[in-house]
Amino acid sequence: MSKIRKNDLVAVLAGKDRGKTGKVLRVVAQGKRVVVEKINIIKRHQKARRADEKAGIIEKEAPFDISNVALVSPTTGKPVRVGFKFVETADGQSKKVRVVHKTGEVLDQI
């Protein structure tokens, strides 16, 4: 279980886009790198491989290290650290969930 997952809202802590927030599009390389929507934009020269594909300079999001982002708390709107905790469900089973370190707020649905 990863501390940051797809569709999470994260804040960038380091790099040229420091201070910006965005949604995680995907987590790559076994949870070590993330691709965030409209953050860390790079330009690539692309050749048309098919007749319907355009050639030219395209802009796309590049992955960067997961340590450079922090999850944004849904209640406070500030970057927070994330931990894990086991919670009892209604049927008596225990489930591992993500929680905010500072407040203890559960981030995942039980």
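Details
- Under Karplus coefficients 6.51, -1.76 and 1.60, residue-wise ³J(HN,Hα) of the stretch 75-88 in Hz, glycine/proline x: 8, 8, x, 10, x, 9, 8, 10, x, 10, 8, 9, 10, 6
- Among HIS45, GLN93, LEU13 - extreme Cα towards positive end, dipole of the chain, charges at beta-carbon: HIS45
- Compared with the direct C-alpha span, the chain from SER2 to VAL82 gains 27.8 nm at full extension, assuming 0.36 nm per residue.
- Here the peptides 24-34, 43-53 are ranked by packing, the mean other Cβ count within 10 Å, and the order with the highest first is 24-34, 43-53.
- Size of electric dipole in the chain: Cβ of Lys, Arg +1 and of Asp, Glu -1, about Cα centre, debye, nearest 20: 480
- Within straight-line cross-link reach of LYS16, lysines at Cα separation under 21 Å, skipping those fewer than 8 residues along the same chain: LYS32, LYS38, LYS43, LYS60, LYS78
- Listed options for percent of Cα pairs over 17 Å apart are (i) 44; (ii) 61; (iii) 57. The value calculated from this structure is the one marked (ii).
Values quoted throughout were computed directly from the atomic coordinates according to the rules given, and no laboratory measurement underlies them. Note that the structure is a prediction, hence the values are computed from the model and not measured. When we count neighbours, we look across all protein chains shown, and the Cβ atoms used for this are built from the backbone with ideal geometry, even at glycine.
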